[in-house]
Amino acid sequence: MVKVKTLLEDLIEKAGGCAVVDGGLATQLEKHGAAINDPLWSALCLIENPDLIKRVHMEYLEAGADILVTSSYQATLPGFQSKGLSIEEGELLLKRSVKLALEARDTFCEVMKKIPEQGYNRPLVAASIGSYGAYLANGSEYSGFYGTDVNLDKLKDFHRHRLQVLVEAGPDMLAFETIPNKLETQACVELLEEENVQIPSWICFSCVDGVNTPSGESFRECLDIINKSRRVCAVGINCAPPHFIESLIAKFTELTEKAIVVYPNSGEVWDGRAKRWLPSKCFGDSNFELFATRWRDSGAKLIGGCCRTTPSTIASISKVLKGRP
């Protein structure tokens, strides 16, 4: 049987073997004045200022991003219900997160058609599905401990409706983000199979020690689960410090044949309980230029940024990966 390439695999090939993911959405929303110190975090803007989300998507496309990740990371139906919204209103907001990214992508493509000498790859839209810990908003996506009452079925039930709504909205792919443990990995993989999802997905883990998942379980255990899935076509790390990334890429290349995606944070550390960033060895954009090439040469196929990175960070990554001025 001839293997049909997914949209993601096709993009990676057209990008010369390594495509660019966008950067921190919440960071850029705050730079534009959005107040998102809220359990919904950046998803609050889906209610209060959707046009700003679209503006930030455009800024990342203009910086050279090949993939936009939607504003649905912390957008959940229970979270919207806690704000007094109905299930139907929550569903519309989830669909809006995809619609805003698709509209930004289409607008960008129309502009680029008028300047063909620039050359560009048609960007993809990845619908973000944040971990259960992101919904809890207590920092547990960085500990992996959800409590003894959380089992496999509860995690699948939590993610199922949101996944169904997001897929119906028409993104190019799904992005499961900051997964902290083996149990949620299993839930995501089984859910994709049970829902017969036909678009490609990636699963990205958080990491706080540079070696294992936040729960202390090995990445080998998690990748053994993912490697059995035909619906997950990429796996990697997001929102971990940049200095962890190179060694984690080396580890992942030994454990999987799936494409590796990395989009670390700036190097600062998020205190989930205190809801603030703690100073750390912070990488500037020039450091991302240097390390992006090393991550690519180590085997990463998708590279971007997470919290505290900006369009200038993505422009720096795009500059070295694409030779983009």
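Worth a mention:
- Loop sites in the stretch 117-191: chymotrypsin sites (Phe, Trp or Tyr not before Pro), DSSP, at most 16 other Cβ within 10 Å: F145
- Applying the criteria of a DSSP loop state and at most 16 other Cβ atoms within 10 Å to the trypsin sites (Lys or Arg not before Pro) of the stretch 179-232 yields K228, R230.
- Max mean-square fluctuation residue, GNM over the chain, Cα-Cα springs under 10 Å, options Q118, Q164, Q198: Q118
- Carbon/sulfur fraction of accessible area - the chain, other protein chains in place, 1.4 Å, %: 50
- Charge tally in the Cβ shell below 11 Å around G210, where Lys, Arg are +1 and Asp, Glu are -1, G210 excluded: -1
- Applying 1/(1 + (r/R0)^6) with r as the Cβ-Cβ distance of H243 and V320 and R0 = 22 angstrom yields a FRET efficiency of 0.75.
- Per-residue extension of 0.36 nm, minus the Cα-Cα distance of V211 and T148, leaves a gain of 20.2 nm for this segment.
- Stretch gain in nm, segment K14-L278, where the contour uses 0.36 nm per residue and the Cα spacing is subtracted: 91.2 nm
- Highest GNM mean-square fluctuation among E257, E184, E289, for the chain modelled with Cα contacts below 10 Å: E257.
- With a Förster radius of 25 Å applied to the beta-carbon distance between N227 and H32, the computed FRET efficiency rounds to 0.05.
- Computed from the C-beta positions of S312 and I47 and an R0 of 25 Å, the FRET efficiency is 0.35 to the nearest 0.05.
- Between the stretch 65-90 and the stretch 128-147, the alpha-carbon centres lie 15 Å apart.
- Inter-centroid distance (Cα atoms) of the stretch 1-56 relative to the stretch 221-256, Å: 20
- Restraint check, K83/K154; K228/K251; K113/K228; K113/K322, Cα-Cα greater than 28 Å: K113/K228
- Stretched out straight at 0.36 nm per residue, the stretch from K5 to R122 would grow longer than its current Cα-Cα span by 40.5 nm.
- Net charge of neighbours whose Cβ lies under 12 Å from the Cβ of G133, counting Lys and Arg as +1 and Asp and Glu as -1: -3
- The charge dipole of the stretch 137-207, taken about its Cα centre with unit charges on the Cβ atoms of Lys, Arg (+1), Asp and Glu (-1) only, comes to about 160 debye.
- Within the listed set L192, L183, L85, the Gaussian network model of the chain (springs between alpha-carbon atoms below 10 Å) gives the highest mean-square fluctuation for L85.
- Taken one residue at a time, the phi angles of the stretch 299-305 give Karplus couplings (6.51, -1.76, 1.60, θ = phi - 60°) of x, 5, 9, 9, 9, x, x Hz. Gly and Pro are set to x.
- For the stretch 141-242, the solvent-accessible area with a 1.4 angstrom probe is 36 square angstrom per residue.
- Mean separation of Cα contacts under 8 Å, 6 or more apart, over the residue count of the chain: relative contact order %: 20
The values are calculated or read from the model by the stated rules, or taken from the named source; none is laboratory data. Please read all numbers here as calculations on a predicted model, not as lab measurements. FYI the Cβ positions are ideal-geometry reconstructions off the backbone, even for glycines, and counts take in every protein chain you see. Quick note on the areas: whole protein, heavy atoms, side chains included, nothing else; ligands and nucleic acids left out. Shrake-Rupley method; radii C 1.70, N 1.55, O 1.52, S 1.80 Å.
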